[in-house]
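*Asks:* Here it is: the structure, laid out below.
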Amino acid sequence: MSEGMTSPAPLPPLLAVHLEPLRELCRRFGVERLEVFGSAAKGTFDPATSDLDFIAQFRDPQEPGYCDRFCSFADAAEALMGRPVDLLTERMIRNPYFREDVDAVRQVVVQL
């Protein structure tokens, strides 16, 4: 790591424990890459109150059924994690200030 860079915060235990089931959800719903941002990526995650913020890159987003896959993946991730999940895609991050904040902390959770 070069000088001045900090290492990313470790994944919260809730994510680490559910890594393999998250991979399986990604396979089932066609998510090629799943990243976490927000409190879970910053190291300020509170298991009692925090939600999880994800960015998903779906395989073949032009393919029919994309909306169903998106919504079903979000619902399944919430059920798995037992807490609210905010799911975004790259195209949904339009505000440059929000993008800057997200890009500063985002971490890959699953890469298929």
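*Asks:* Tell me whether the stretch 89-100 contains one or more residues that are touching a residue at least 12 places away in the same chain (Cβ under 8 Å) and under 12 Å from the mean Cα position of the chain (by Cα). Even if it seems obvious, please write down each step before you answer.
*Replies:* At the first step, the residues of the stretch 89-100 found to be touching a residue at least 12 places away in the same chain (Cβ under 8 Å) are 89-90, 93.
Restricting the remaining residues to those that are under 12 Å from the mean Cα position of the chain (by Cα) gives 89-90.
Yes: the stretch 89-100 contains one or more residues that are touching a residue at least 12 places away in the same chain (Cβ under 8 Å) and under 12 Å from the mean Cα position of the chain (by Cα).
*Asks:* A further question on this structure: What single numbered condition from (1) modelled with pLDDT under 95; (2) in contact with a Pro (Cβ under 9 Å, 6 or more places away or on another chain); (3) surrounded by 13 or more Cβ atoms within 10 Å (Cβ to Cβ) fails to hold for residue 47?
*Replies:* Checking residue 47 against (1) modelled with pLDDT under 95; (2) in contact with a Pro (Cβ under 9 Å, 6 or more places away or on another chain); (3) surrounded by 13 or more Cβ atoms within 10 Å (Cβ to Cβ), the one that fails is (3).
*Asks:* Exactly one condition in (1) under 15 Å from the mean Cα position of the chain (by Cα); (2) not in a helix (DSSP H, G or I) is not met by residue 72; state its number.
*Replies:* Status for residue 72: all satisfied but (2).
Residue-by-condition table, conditions (1) modelled with pLDDT of 95 or more; (2) among the charged types (D, E, K, R); (3) surrounded by 12 or more Cβ atoms within 10 Å (Cβ to Cβ):
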position: 15; (1), (2), (3): no, no, yes
position: 35; (1), (2), (3): yes, yes, yes
position: 43; (1), (2), (3): no, no, yes
position: 53; (1), (2), (3): yes, yes, yes
position: 56; (1), (2), (3): yes, no, yes
position: 100; (1), (2), (3): yes, yes, no
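*Asks:* Just the residues that are farther than 17 Å from residue 41 by Cα and either in a helix (DSSP H, G or I) or of a type in the set (A, V, I, L, M) (or both), please, taken from the stretch 94-112.
*Replies:* Here is the first cut: in the stretch 94-112, the residues farther than 17 Å from residue 41 by Cα are 94-97, 112.
Scanning the stretch 94-112 gives 96, 97, 112.
The values are calculated or read from the model by the stated rules, or taken from the named source; none is laboratory data. Bear in mind the structure is a predicted one, so any value in this text is a computation, not a measurement. Methodologically, a virtual Cβ is constructed for each residue, glycine included, from the backbone with ideal geometry; neighbour enumeration extends over all protein chains shown.
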